[in-house]
Amino acid sequence: MERSGTDPLADGGPGPAAPAAPVDIGTVRAKYREERDKRLTAAAGRTYRSARGELSRYAADPRTGPVERDPVTDVVDVAVVGAGIGGLLVGARLRETCGFERIRLIDAAGDVGGTWYWNRFPGLRCDVESYVYMPLLEELGTVPTEKYVTGAEILAHCRSVARHYGLYRDALLRTSVTELRWDEDTAHWLVRTDRGDRFRARYVCMAIGSLHRPKLPSVEGIETFRGHSFHAARWDYGYTGGGVPGSLAELRDKRVGIVGTGATAVQVIPHLAEAAAHTYVFQRTPPAVGVRANRPTDPDWVKGLEPGWQQRRMDNFHALTSGAAVAQDLVADGWTEITARLAAILPKSAGTSPEDAADAVERADFRKMEELRARVDAVVHDPATAAALKPYYRLFCKRPCFHDGYLETFNRPDVTLVDTEGRGIERLTGHAVVAGGREYPVDCLVFASGYESEYAVPYTARAGYEVVGRDGLRLSEKWADGARTLHGLMVNRFPNCFVLSKVQSGLHVNVPYMLGEQSRHVAHILKAVKDRGRHVVEASATGEKEWVEEILRLANRNLDYAEACTPGLFNNEGRPSELHVLNGSYGGGSVEFVNVLRTWREAGDLAHLELSG
């Protein structure tokens, strides 16, 4: 179904949302099932493709290639694989807590920043408030310039963190690890890379992230498409002109198609529409788009900040967005608004059956989604286009989006919404996209199709290297039937090795917050090991077994919810039951997970750890 706008793009903020009508829960549930089922049917047998092999150009760095250097053959205290926010936090905490001199970041990227290095698409901003998203603000004595800052400002902050903690000094950038191997004789890890490096590290920490390996739709013709194409995560400014602020002047006479309408596309599409001669938006499932209401940071507010302000604000946001009842909402945005509603409902449900409590939460969710659908009607002028842009699923089936110009874009006459009604695009021809049986000629095609799943793709496959522990045991073998860890961070028979990921760990919308808790935990452990005069630490077999049992006990808590969602990243394209339960996040929720870590540290006995050396 094709929808074209009829009016120019409105200049300014979002239109007012109409009051939500009372929810007929039966009708809405039926509509949700209908939307899910038609997408499940369309998705049967279709998968995404990794940007590897013949499609590896979609993952290549469009910036300068590797700088020639000699291979490294030294010894370091800690090797950190990944120089994104997770790697930077580990490096910072280990430097300040343990006093390690030689901390080496290793990353295929040409600089630190992780996803903020790779992603430089036009319109890029954080979707979680900057004051709680950007880590170590107080430590660096800085405050973001806006409530939701640009990707360029976040990348600059990542660089400042690396400079502040001396993490550039030993870093190996534009370098990919090819193997980590434990050496029992020296109690060190041998690290090999694609640049010929062969050095040793007392400890290794893997922080490879989840938003670095692009994926592509599995459609016929992708290898032979003759138009210009690239993935949004590797934006080609050489072709489009402009930069992160926009002004893509080289597209002024181009027909541009974009595949995908998730969090990336919501930010990109307004800039494509402003620049291109015509923009085609190929939509499988519409996003849920709330008001962002960005604004500059108030200098008077900054002057009133007291020591510890950021941790208090982060904890407040974490609690609120996890459904906890909190006296004051310090952030007051779209994320906290819906979860605050849920928190207000839950005390009233005390003493009621779990079914009644779940029903109350579901109704609150439905009301919020009705408000978002009403916002579409208030902003988008053409009724048919508005209908196609309305999301019909539970709020957290997909990552909610916030933008003050996305919906308005579809009022432009030079923007066409190609609603595939859940089927996705069918194939690519030489210079066109085929959807709904119709060809749409394009000069340029942008894939905003997301990243490989942290839950569905094996860890070592995403990492691109093997980890070999005691007695030659490979991590890929140990985790062949699902991950096995202690607290998601340590693995028995892989001493002095730490993993920062969402697997068997806490899952939260503010990813740096959870990475901060994990890095703090790693630093606590290694300081304790150092203070005891030991050099080797390993998760015990008993501790790992008990944590795995806990993961299994809680694993099915959210399965029904996931199965009711439309297909997407969070539910394995509508097949959540096919994911191994051990590869999921901690089922007790992020607040409970953080409490588990903090309680463990406070006990001081290093339970389920074995120290030697």
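What accessible area per residue, rounded to a whole number of Å², is obtained for segment 198-281 using a probe radius of 1.4 Å?
That works out to 34 Å² for each residue.
From largest accessible area down, sort Y131, Y239; use a 1.4 Å probe on the protein chains.
Result of the area sort, largest leading: Y239, Y131.
Can you quote the Å³ per residue value for the convex hull of the Cα atoms in segment 274-343, rounded to an integer?
That works out to 148 Å³ per residue.
When the convex hull of the Cα atoms of segment 410-504 is projected onto a plane and the area is averaged over all directions, what value comes out in nm²?
10.3
Leaving ligands and nucleic acids out of the surface, order K545, K254 by accessible area at 1.4 Å, largest first.
My answer, sorted largest first, is K545, K254.
Against the longest alpha carbon principal axis of the chain, how many degrees, from 0 to 90 and to the nearest 10, is the axis of helix 151-164 turned?
With rounding to tens, the tilt is 10 degrees.
Can you tell me the orientation of helix 334-348 relative to the chain, as the angle in degrees between its alpha-carbon axis and the longest Cα principal axis, to the nearest 10?
On a 0 to 90 degree scale, this one is about 80.
May I ask for the Kirkwood hydrodynamic radius of segment 388-455, worked out over all distinct Cα pairs and given in angstroms to one decimal?
14.8
Please list 3J(HN,Hα) in residue order for segment 265-271, calculated via the Karplus relation 6.51 cos²θ - 1.76 cosθ + 1.60 where θ = phi - 60°; whole Hz, with x for glycine and proline.
Taking θ as phi minus 60°, the curve returns 4, 4, 7, 7, 4, x, 6 Hz for segment 265-271.
Amide H to amide H, which residues 5 or more places from V72 or on other chains are under 5 Å from it, using H placed in the peptide plane?
Excluding prolines and chain starts, which carry no amide H, the hits are D197, R198.
Return one quarter of the surface area of the convex hull spanned by the alpha-carbon atoms of segment 89-179, equal to its mean projected area, in nm².
6.6
Relative contact order (percent) for the chain, with alpha-carbon contacts under 8 angstrom and 6 or more residues of separation? Display every interim value, and only then the final one.
Working: 1239 pairs, mean separation 134.3, N = 613.
Here the relative contact order equals 22 percent.
Quote to one decimal, in nm, the extra length available between D70 and H580 on full extension: 0.36 nm per residue of separation minus the C-alpha distance between them. Mind dumping the intermediate values first?
On the way: separation 510, 0.36 × 510 = 183.60 nm, distance 4.22 nm.
So the extension gain works out to 179.4 nm.
Non-local amide H neighbours of H188 (under 5 Å, H modeled in plane, Pro and chain starts lacking H): which ones?
So H188 has HN proximity to D183.
Calculate, for R102 and D185, the FRET efficiency according to 1/(1 + (r/R0)^6) with r their C-beta to C-beta distance and R0 22 Å; round to the nearest 0.05.
On the way: r = 21 Å, r/R0 = 0.94.
With R0 = 22 Å, the Cβ-Cβ based efficiency is 0.60.
Return the inverse of the average 1/r over all pairs of distinct C-alpha atoms in segment 361-426, which is the Kirkwood hydrodynamic radius, in Å to one decimal. Can you show the working numbers first?
Values: mean 1/r = 0.0763 Å⁻¹.
Answer for segment 361-426: a Kirkwood hydrodynamic radius of 13.1 Å.
What part of the accessible area of segment 481-613, given as a whole %, is carbon or sulfur when the probe is 1.4 angstrom?
50
Counting heavy atoms of the protein chains only and a 1.4 Å probe, report the per residue accessible area for segment 491-587 as a whole number of Å².
39
Considering only protein heavy atoms and a probe of 1.4 Å, how much of the accessible area of segment 173-277 is carbon and sulfur, as a whole percent?
On the way: 1730 of 3830 Å².
C and S fraction of accessible area: 45 percent.
Name all residues of segment 570-590 having a backbone nitrogen under 13 Å from the label point set 7 Å from the Cα of R553 along its Cα→Cβ direction, giving them as ranges.
In segment 570-590, the label zone of R553 (backbone N under 13 Å from the point 7 Å along Cα→Cβ) covers 587-588.
Taking Rg and Dmax of the Cα atoms in Å straight from the coordinates, which label in [x] 24.2, 72; [y] 28.0, 107; [z] 27.0, 94 is the correct one?
Of the listed options [x] 24.2, 72; [y] 28.0, 107; [z] 27.0, 94, [x] comes from this structure.
Could you tell me how far the Cα centroid of segment 224-253 sits from the Cα centroid of segment 409-449, in Å?
Computed from Cα coordinates, the inter-centre distance equals 16 Å.
Going 7 Å from the Cα of E139 in the Cα-to-Cβ direction, what parts of segment 158-176 have a backbone nitrogen less than 11 Å from that spot?
161-167
Can you tell me the mean projection area, over all orientations, of the convex hull of segment 533-613's alpha carbons? Units nm², please.
6.8
Just grab the label-to-label distance for L305 and A603, each label 7 Å out from Cα along the Cβ direction, in nm (one decimal).
If labels sit at L305 and A603, their model points lie 3.6 nm apart.
With a ≥ b ≥ c the root eigenvalues of the C-alpha gyration tensor of segment 141-221, is it rounded (a/c under 1.5), prolate (a/b larger than b/c) or oblate?
In terms of gyration-tensor shape, oblate.
Once label points are set 7 Å from the Cα along Cα→Cβ at both A378 and A325, what is their separation, rounded to one decimal in nm?
With each label placed 7 Å out from Cα toward Cβ, I get 3.0 nm.
Once you put a point 7 Å from the Cα of A358 and another 7 Å from the Cα of T41, both along the Cβ direction, what distance in nm separates them?
Result: 2.7 nm between the two label points.
Every cysteine in the chain with no other Cys Cβ under 4.7 Å from its Cβ, please list them in numeric order.
C98, C126, C158, C205, C401, C444, C497
Skipping prolines and chain starts, which residues have an amide H placed within reach, meaning under 5 Å, of the one on T193, given they are 5 or more residues away or on another chain?
For T193, whose amide H was placed from the backbone, the distant partners under 5 Å are T178.
Mind pulling up the Rg/Rh value for segment 442-488? Radius of gyration and Kirkwood radius, both on Cα. Intermediate results must be reported in sequence, preceding the final value.
Values: Rg = 15.9 Å, Rh = 13.1 Å.
Checking Rg against Rh, the ratio lands at 1.21.
Assign one of three labels to segment 332-477, namely rounded, prolate or oblate, based on the Cα gyration tensor with a ≥ b ≥ c the square roots of its eigenvalues; rounded applies when a/c is under 1.5, prolate when it is not and a/b is larger than b/c, and oblate otherwise. List each step's numbers first, then the result.
Details: a/c = 2.51, a/b = 1.00, b/c = 2.49.
Judged from the Cα gyration tensor, segment 332-477 comes out oblate (a/c at least 1.5, b/c at or above a/b).
Volume per residue, Å³, of the convex hull around the alpha-carbon atoms of segment 188-327?
269
GluC sites (Glu not before Pro) within segment 195-268: which are DSSP loop residues with at most 10 other Cβ atoms inside 10 Å?
Qualifying residues, ordered by number: E223.
Ordered by residue, what ³J(HN,Hα) values in Hz, to whole numbers, does segment 73-82 give under the Karplus form 6.51 cos²θ - 1.76 cosθ + 1.60, where θ = phi - 60° and Gly and Pro are x?
9, 9, 10, 10, 6, 9, 10, 10, 8, x
Work out, step by step, the length gained on full extension between T27 and T429: first 0.36 nm times the residue separation, then minus their alpha carbon distance; give nm to one decimal.
Value of the extension gain: 140.7 nm.
Note the angle between two axes, namely the Cα long axis of helix 541-554 and the longest principal axis of the Cα atoms of the chain, as a number of degrees from 0 to 90, rounded to the nearest 10.
20
Using a 1.4 Å probe over the heavy atoms of the protein chains, calculate the carbon and sulfur portion of the accessible area of segment 85-156 as a whole percent. List each step's numbers first, then the result.
Numbers: 860 of 1730 Å².
Heavy-atom surface of segment 85-156 belonging to carbon and sulfur, 1.4 Å probe: 50 percent.
So, taking all protein chains as they sit and a 1.4 Å probe, how much accessible area belongs to H524, in Å² rounded to tens?
So the heavy atoms of H524 present about 60 Å² to solvent.
In whole Hz and in residue order, list the ³J(HN,Hα) couplings for segment 197-210 that follow from phi through the Karplus curve 6.51 cos²θ - 1.76 cosθ + 1.60, θ = phi - 60°; x for Gly and Pro.
5, 8, 10, 10, 9, 4, 10, 10, 9, 9, 10, 7, x, 10
Y168 to D481: extension gain in nm, 0.36 nm per residue of separation minus the Cα-Cα distance?
108.9 nm
The values are calculated or read from the model by the stated rules, or taken from the named source; none is laboratory data. Here the structure is a predicted model, which is why all the values come from computation and not from measurement. Positions of Cβ are generated from backbone atoms using ideal geometry, with glycine treated the same way; all protein chains shown enter the neighbour counts. These area figures cover heavy atoms from the full protein model, side chains too; ligands, DNA and RNA do not enter into them. Shrake-Rupley method; radii C 1.70, N 1.55, O 1.52, S 1.80 Å.
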